[in-house]
Amino acid sequence: MTRMYEYYDAVLHSVREGLVVVDRGGRVALVNDEGRRLLGLPEGVADRRLDELDLPPAVGDLLASGRPAADEPLLAGDRVLVANQQVTRFEGRPLGTVLTLRDHTELRALTGELDSVRGLTEALRAQAHEAANRLHTVLTLVELGRADDAVRLATEELALAQQLTDRVVGAVTEPALAALLLGKSAQASERGAELVVDSGSRLDGEPLPARDLLTVVGNLVDNALEAVAGTDPPRRVTVLVQATAERVLVRVTDTGPGLPAEQVADAFRRGWSTKREGRGLGLALVGQVIERYGGSYEVSNAPTVFTVRIPVP
């Protein structure tokens, strides 16, 4: 029995998955080292009630509910955890719940970067498709002997594309963010929506790390594009990005149905999506960046406006 205890104790302390065991009375029976690290818990939490611990809200709610969970993403501070929870039974009697946690923070970050690259690739594909259609139209006009109409069409299209590029590049000197906005504009056009960069946008240099800036702007724009999808025209998303020596302001306005007031806090804390299927993490990741820098956010409707203010470190 001593050898068995030593083996089990060694395994519990060495595994790279967080483990939390809660008994039927809602008291913590066991938390291994990785579980304490992921949840920010001190030593000596065994035999304490869940409501006595400073647990991340999403984790605390899951443990208190006792419901089964399979690969459920949860936010714990600045970490993205994947949780699995099961009820343990002996001879048909419930003994409590077992929660395992895996840290997917770095994986989520890499996935976010991959999604950004995929989005830019899709934007380039959409632009290439549109350019091919316009070129085909111009060539057909030339073949029909309407050279003046061909020149006028080509000039107008080029002027519109150059106007958007000049506006974005002139207002945003951060290359990654400028590329993101141009790519999102092409994506919006492909979805039958319009992405407008507010003329008041101004971002010089890199007041925040590019990854955090792209997380905030990209997820807010994606959320807005999902919100206007399938709605009646006009389907428009307007982006304003401003930076001063003290703070960065990001404001995204859309013509979608809006976010109910009772869901706002939940959206930034646990994840919420305009899609009917699945759980979204976009707004929750934005909330992580806001919390990390001590910023703030506001949400209003009619029209829907998401405003994020982040102090410059």
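The values are calculated or read from the model by the stated rules, or taken from the named source; none is laboratory data. Source: prediction; values computed, not measured. Using ideal geometry, Cβ is built from the backbone for each residue, glycine included, and neighbour counts are taken over all protein chains shown. Please note that ligands, DNA and RNA were not included when accessible areas were found on the heavy atoms of the full protein model with its side chains. Shrake-Rupley method; radii C 1.70, N 1.55, O 1.52, S 1.80 Å.
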* Test for Leu74: is it modelled with pLDDT under 85 and in contact with a helix residue (DSSP H, G or I) (Cβ under 6 Å, 6 or more places away or on another chain) -> yes
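Within segment 67-93, which residues are of a type in the set (Asp, Glu) and over 19 Å from Leu53 (Cα atoms)?
If we filter segment 67-93 for residues that are of a type in the set (Asp, Glu), which is where we start, we get 71-72, 78, 91.
Those that are of a type in the set (Asp, Glu) and over 19 Å from Leu53 (Cα atoms): Asp71, Glu72, Glu91.
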* Structure fact -> Of those in segment 239-248 that are of a type in the set (Val, Ile, Thr) and not in a loop (DSSP other than H, G, I, E, B), the residue surrounded by the fewest Cβ atoms within 10 Å (Cβ to Cβ) is Val248
* **Failed item, numbered, when Ala58 is tested on (1) in a helix (DSSP H, G or I); (2) at pLDDT 85 or above; (3) surrounded by 16 or more Cβ atoms within 10 Å (Cβ to Cβ); (4) not aromatic (Phe, Trp, Tyr)** => (2)
* To do: Among what's in segment 139-173 and is at pLDDT 70 or above, open to solvent by 50 Å² or more (accessible area, probe 1.4 Å) and acidic (Asp, Glu), pick the residue that is farthest from Ala243 (Cα to Cα).
  => Glu143
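So how many residues does segment 219-238 have that are touching a strand residue (DSSP E or B) at 6+ places or on another chain (Cβ under 8 Å) and loosely packed, with under 15 Cβ neighbours inside 10 Å? Steps first, answer last, please.
Here is the first cut: in segment 219-238, the ones touching a strand residue (DSSP E or B) at 6+ places or on another chain (Cβ under 8 Å) are 220-221, 223-225, 227-228, 234-238.
Narrowing further to those that are loosely packed, with under 15 Cβ neighbours inside 10 Å: 234.
Qualifying residue count for the region: 1.
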* Subset of segment 276-307 [over 24 Å from Arg235 (Cα atoms), modelled with pLDDT of 85 or more and open to solvent by less than 30 Å² (accessible area, probe 1.4 Å)] -> Val289, Ile290, Gly295
* **Unique match (being surrounded by fewer than 19 Cβ atoms within 10 Å (Cβ to Cβ), at pLDDT 85 or above and within 22 Å of Val289 (Cβ to Cβ)) among Val87, Val82** => Val82
* Asked: Which condition does Leu75 not pass, out of (1) touching a Ser or Thr at 6+ places or on another chain (Cβ under 6 Å); (2) open to solvent by less than 20 Å² (accessible area, probe 1.4 Å), if it passes all the others?
  -> (1)
* Structure fact -> Considering residues that are free of Cβ contacts under 8 Å to residues at least 12 places away in the same chain and within 12 Å of Val15 (Cα to Cα), the number found within segment 28-45 is 0
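Report the residue count in segment 191-211 for those that are more than 30 Å from His129 (Cα to Cα) and surrounded by 18 or more Cβ atoms within 10 Å (Cβ to Cβ). Talk me through it step by step, then tell me what you get.
To start, the set of residues in segment 191-211 that are more than 30 Å from His129 (Cα to Cα) comprises 200, 202-209.
Still in the running and surrounded by 18 or more Cβ atoms within 10 Å (Cβ to Cβ): 203, 207-208.
So the count comes out to 3.
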